[in-house]
Every structure is written in C-alpha cells, then in structure tokens.
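Read the figures in this text as sums done on the coordinates, not as results from a lab. The structure displayed is predicted, hence computed values, not measured ones. Virtual Cβ from ideal backbone geometry, glycine too; neighbours counted across all protein chains shown.
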Amino acid sequence: MKKLFILLFGGLLLASCNPNSPKDYISLSGKIENKNGSELTIRNKENKVIKTIKVNDDGTFSDTLHLAKDRYSISDGKEYALLFLQPGAEINMNLDANKFDETLTFTGKGSKENNYIVKKLMKQESVFENVNDLYELPKDEFTASLEKIKVDFQNLLKSEKNLDPDFIQSDLDDTDELFMYLTNRFDKISKINKMIGKASPVFTDYENFDGSTTSLIDLKGKYTYIDVWATWCRPCLGEIPALKKLEEEFGDKMNFVSISVDKPEKHEAWKKMVADKELKGYQLFADNSWNSQFVQDFGIDGIPRFILINPQGNVVKPDASRPSNPKTKELLIRLLQ
C-alpha cells in the first residue's frame with residue numbers, strides 16, 4: 001500500500017511539473033507610461049474589488065490571478081478598462097495613462113478578446129458621442145439608423161477570429177442590451193427635448209461643499225453647465241479632467257455645477273473626493289439621491305448627465321454633450337461670444 005501511495009504521489013508530481021498541463025491561474029503583467037498611482041485594482045461585475053496589483057516605480061507590474069472565466073474591470077484610480085480573463089491566460093497589458101483608451105493594447109495568450117473590447121469601446125465612443133442627434137430624428141428614421149449601427153457592431157464582432165465562444169455570446173448579449181436600452185429611451189428623450197427653451201426645473205437649498213446652500217435661482221445671470229454624478233460612477237470620474245479644463249477656460253464667464261446623487265451614507269465619501277480631487281465650482285449634494293425632484297424632472301436614469309441652462313434660467317440642452325466631447329467647448333464658445 002505504501003508503495004502504491006508513493007507511485008500515485010509521484011504521478012501527481014509528474015503531472016504538476018508537466019509544462020503542457022493546463023494552468024488554473026492567469027498571468028497578468030505589463031507597463032504603464034505616466035502612471036497615475038502605485039496600484040491597480042481589479043473588480044468583478046458587481047464592482048467589488050477582488051485584487052490589488054502593485055505598480056512599480058518604472059510603471060511595470062506583474063501578478064498571478066486565480067479567477068473564474070468572466071469579465072472584469074481594471075483601474076489605475078482615474079481610468080478603467082474592461083477585461084476578459086480565464087484560467088491559462090498569459091496577458092501583457094501596455095498603455096500610456098495620459099491617453100488611456102487610445103494606447104491600451106494587449107499581447108499574449110488571451111489578448112484577442114481584450115483587444116476586441118478596446119476596439120468596440122472606441123467604436124462606441126465615436127458613434128454615440130453624438131447620440132442625442134439621433135433622438136432628434138422622427139421615430140422611424142431613428143429606428144432605421146439605430147438598426148444600421150447595430151449591424152455595424154455585429155460585423156465588427158464577426159470580423160474577429162478564434163474568440164472564446166462564451167465571450168462571443170456575452171458580447172452579443174451586451175450589444176442587444178445596449179441597443180434595447182437606446183431604443184427604449186426614445187420616448188423619454190423626446191419628452192425631455194420638449195423642455196428646450198422652457199424654464200428649467202429647479203433645485204432649492206442643495207448643500208454646498210463649503211457648508212452653505214445653493215439654489216438654481218441663485219445662478220441666474222450666467223450660463224450654467226450642470227454635471228449630475230456620483231463618487232462610485234467611473235465614467236463620471238473619467239470626465240473630471242476634461243471638466244476641469246472647461247472650468248479653467250470658462251469659469252469666470254459661466255457657472256459650473258456638480259450635483260452628487262450619492263446616497264446619504266456616502267456623504268463623507270463625497271466630501272473626501274471633492275477635497276482629494278480639488279474639484280471647483282459649485283459642488284452640491286442632492287437632497288434625495290436619485291429620487292430628488294430635480295433629477296426626476298429631467299428624467300435622469302444614468303450618469304454622468306450634463307445639463308446646460310441659459311442666464312434666464314431656460315433649458316438650452318437637457319442632455320448636453322460631455323466635457324470630453326469637443327462639441328461641448330465649441331458650443332460654449334458660441335454661446336459666450
């Protein structure tokens with residue numbers, strides 16, 4: 001029996017040392033130029049941090065992950081990227097943090113799916129940065145235009161070869177969900193667009209970061225660009241650098257207002273983030289999170305959301321373009337001339 005145990009144990013040793021044995025872990029390494037911090041965080045689909053990876057002084061990093069096959073996200077504290085990971089992958093990730101999405105590339109085993117994710121993201125940004133223009137079309141033209149765009153996305157996926165079958169199905173489901181969401185928003189956006197030129201819904205006595213209170217009526221006399229956001233919203237945080245640049249250029253001519261829809265228990269986290277990121281302008285805390293009347297009146301169901309109001313208090317854009325969109329600066333220049 002002892003001899004049999006030794007033989008079996010030896011067999012296990014041989015199996016574990018076999019270089020052809022499938023790996024039950026993921027190797028993730030890479031280099032970040034102009035890094036934003038000393039660590040990367042990996043989150044699951046529930047947005048829970050499940051791994052922290054140290055980034056060396058020279059921007060390199062390397063770690064071993066024991067994760068199930070699934071989609072995840074990786075963040076440097078300011079920007080984030082989506083990842084598809086599965087045991088056996090050996091992925092090398094490289095980027096310049098100053099141009100995060102534009103420079104993000106993957107090599108190695110398991111890189112095809114991740115490079116595709118980057119391609120799709122860039123396509124989404126280019127197509128949907130002007131999505132509000134689509135909502136100004138008659139409904140039949142809107143539907144036809146959206147279907148054509150959806151086919152373009154499906155063709156992008158078809159052009160990629162040898163992708164993981166589970167990843168393909170997940171991506172198809174994501175695309176269907178995205179376009180269903182955009183379709184279902186048509187009636188709501190049409191209703192919101194009817195607000196253009198009319199008196200804006202108001203907010204009253206929202207708490208300001210400095211301890212005072214601010215109401216929309218206090219801001220009359222200047223154009224007001226409102227950012228509805230939350231501390232946990234990564235796309236919101238991604239707009240902060242561009243928002244700061246707009247404020248530096250136009251802050252003496254117009255109002256910049258950020259309204260947090262964080263829940264009351266996140267109040268201190270909001271104050272800390274405003275201080276840590278040195279956010280300027282009017283930093284306000286909504287009186288009832290998502291259920292705040294101002295938020296409800298504008299039909300806000302996703303953030304970040306930007307609203308532009310004129311000096312008389314009338315709505316110019318109920319769903320304005322983001323700070324990172326060049327059209328935003330162009331519009332502000334025209335309005336302020």
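Tabulated data
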| item | result |
| --- | --- |
| Coil-residue GluC sites (Glu not before Pro) of the stretch 240-328, DSSP, other Cβ within 10 Å capped at 11 | GLU278 |
| For VAL202, distant residues with modelled amide H under 5 Å away | none |
| Rounded, prolate or oblate (a/c below 1.5 giving rounded, otherwise prolate when a/b exceeds b/c) for the stretch 24-110 by Cα gyration tensor | prolate |
| Spin-label model distance (nm) - ILE217 vs SER289, 7 Å beyond Cα toward Cβ | 2.9 |
| Test item: Cα-centred dipole of the stretch 204-283, Lys/Arg +1 and Asp/Glu -1 on Cβ, debye | 160 |
| Share, in percent, of DSSP beta bridges within the chain that are antiparallel, nearest 5 | 70 |
| With Cα atoms, 0 to 90° folded angle of helix 267-276 axis to the chain main axis | 90 |
| Dipole in debye (nearest 20) - the chain, about Cα centre, beta carbon charges: Lys, Arg +1; Asp, Glu -1 | 480 |
| Nearest-ten-degree value, helix 326-336 long axis tilted from longest Cα axis of the chain | 10 |
| For the stretch 147-185 versus the stretch 214-285, the gap between their alpha-carbon centres in whole angstrom | 34 |
| Mean projected area (nm²) of the alpha-carbon convex hull when the chain is viewed from all directions | 22.1 |
| Radius ratio Rg over Rh of the stretch 196-336, counting only Cα atoms, Kirkwood formula for Rh | 0.92 |
| Unit charges on C-beta of K, R, D, E only; dipole of the stretch 196-336, Debye | 500 |
| Gained length - LYS194 relative to THR60, 0.36 nm times residue gap less alpha-carbon distance | 43.1 nm |
| Karplus-derived HN-Hα couplings along the stretch 207-218 (A = 6.51, B = -1.76, C = 1.60, θ = phi - 60°), whole Hz, x at Gly and Pro | 5, 9, 4, 7, x, 7, 10, 9, 10, 4, 4, 5 |
